[in-house]
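Enquirer: Just passing along the structure, written as structure tokens.
Taken together, the values in this text are just the output of simple stated rules run on the coordinates, not laboratory data. Note that the structure is a prediction, hence the values are computed from the model and not measured. When we count neighbours, we look across all protein chains shown, and the Cβ atoms used for this are built from the backbone with ideal geometry, even at glycine.
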């Protein structure tokens, strides 16, 4: 079973599979044909600290999802894979090790590092973060997330 954004914990091996699935879903059905795509970059912090994780722009209207990795707080979604102009809901996820070992989801008999979602649901599955991306005015977006 692959983890979902609602999962509180997941194994390292399942986490890698989840990341591959997210990238595949983001890119699926979004070829070079159609409307202009935008490059989007920025910085993401949680309680003042840069995070490692993923960001996804989910269209509120028409368009394709777009997303990418967040490393040391920074993300960059190149124009070739970027979102189309329009309104988006923004989802952010970041997982940290718990220090525990759990059975690996995809390798019977193996243990994997347990990881816990640190970003509150209000910034991912229940996100109320929205942006209106338009050519020329929204290529750099920072997100300052707080636990409370």
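Enquirer: Taking region 44-65 only, how many residues are over 21 Å from residue 122 (Cβ atoms) and surrounded by 14 or more Cβ atoms within 10 Å (Cβ to Cβ)?
Expert: Taking region 44-65 as the starting set, the residues that turn out to be over 21 Å from residue 122 (Cβ atoms) are 61-64.
Adding the requirement that they be surrounded by 14 or more Cβ atoms within 10 Å (Cβ to Cβ) leaves 63-64.
Going through region 44-65 one residue at a time, the tally reaches 2.
Enquirer: Might you let me know whether region 89-99 holds any residue that is in a loop (DSSP other than H, G, I, E, B) and either at negative phi or more than 17 Å from the chain's Cα centre (by Cα) (or both)? Show your work before the answer.
Expert: Kept after step one, since they are in a loop (DSSP other than H, G, I, E, B), are these residues of region 89-99: 94.
Filter once more, so that each one left must be either at negative phi or more than 17 Å from the chain's Cα centre (by Cα) (or both): 94.
Taking every residue of region 89-99 in turn, at least one turns out to be in a loop (DSSP other than H, G, I, E, B) and either at negative phi or more than 17 Å from the chain's Cα centre (by Cα) (or both).
Enquirer: Can you confirm whether region 72-86 contains a residue that is out of contact with any helix residue (DSSP H, G or I) (no Cβ under 9 Å at 6 or more places or on another chain), surrounded by fewer than 16 Cβ atoms within 10 Å (Cβ to Cβ) and under 23 Å from residue 125 (Cβ atoms)?
Expert: no
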